[in-house]
1. Which residue, 75, 118, 47, has the most motion in a Gaussian network model of the chain that connects Cα atoms within less than 10 Å?
2. Quick one: check the C-alpha center-to-center distance for the range 19-65 versus the range 140-185, whole angstrom.
3. Under a GNM of the chain (C-alpha, springs under 10 Å), which listed residue has the highest mean-square fluctuation: 89, 134, 126?
4. Could you identify which residue out of 158, 166, 129 has the top mean-square fluctuation in a GNM of the chain using Cα springs shorter than 10 Å?
5. Against the longest principal axis of the chain, how steep is helix 56-68, in degrees 0 to 90 to the nearest 10, with axes from Cα atoms?
6. Once you have all Cα-Cα distances for the chain, histogram them in 5 Å bins from zero and send the whole-percent values.
7. What translational diffusion coefficient, in µm²/s and rounded to a whole number, does the Stokes-Einstein relation yield for the range 2-102 at 4 °C and a viscosity of 1.567 mPa s, taking the hydrodynamic radius as the Kirkwood radius over Cα pairs?
8. Which of rounded, prolate or oblate describes the range 91-185 when judged by the alpha-carbon gyration tensor and an a/c cut-off of 1.5?
């Protein structure tokens, strides 16, 4: 609590205690993702101590999505969290306490090649780079083992640092095997 208090002037700090989740909340990916999203929203929208700095429309979309859908995959949770963090007015720190005592934790947190390719296809639909999504998804999973932070970091570096550099002047040249390897390096 002291660390959260110290950080709160420069960061949005979200503190979650997994002891407040039940054992059944860890049964599968969809149950966990939905329970996590509900717990996150309850913490952010706490009537006595709300967390400021997030885009309200994204919080509302997340709330509606978890209410309307029984199946709520981890991928969708990560997309919402990424969007919330990307549009927040300060960097976000998520502190999770007691994850080890809440339940046996058998939720697969990593992205599969198929999941990474699905995200690359969504990016491709917006940016039209002519990337080979199958090849790049395989390359990204090889270097990241599907670990969400590393997947996100490789993609962010490819998009924001590699693209526009001397060797890769545009997004089309960056979203290649060589561009991904440059991001990895």
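The numbers here are math on the coordinates, done by the rules we state, and not lab data. What you are looking at is a predicted structure, and each value in this text was computed from that prediction instead of being measured.
1. Highest fluctuation of the listed residues: 47.
2. 31
3. 126
4. Looking only at 158, 166, 129, the largest GNM fluctuation is found for 166.
5. 80
6. Each 5 Å bin holds this share of Cα pairs: 1, 7, 14, 17, 17, 16, 13, 9, 5, 1, 0.
7. My calculation gives 91 µm²/s for D.
8. Prolate is the answer for the range 91-185, as a/c is 1.5 or above and a/b outweighs b/c.
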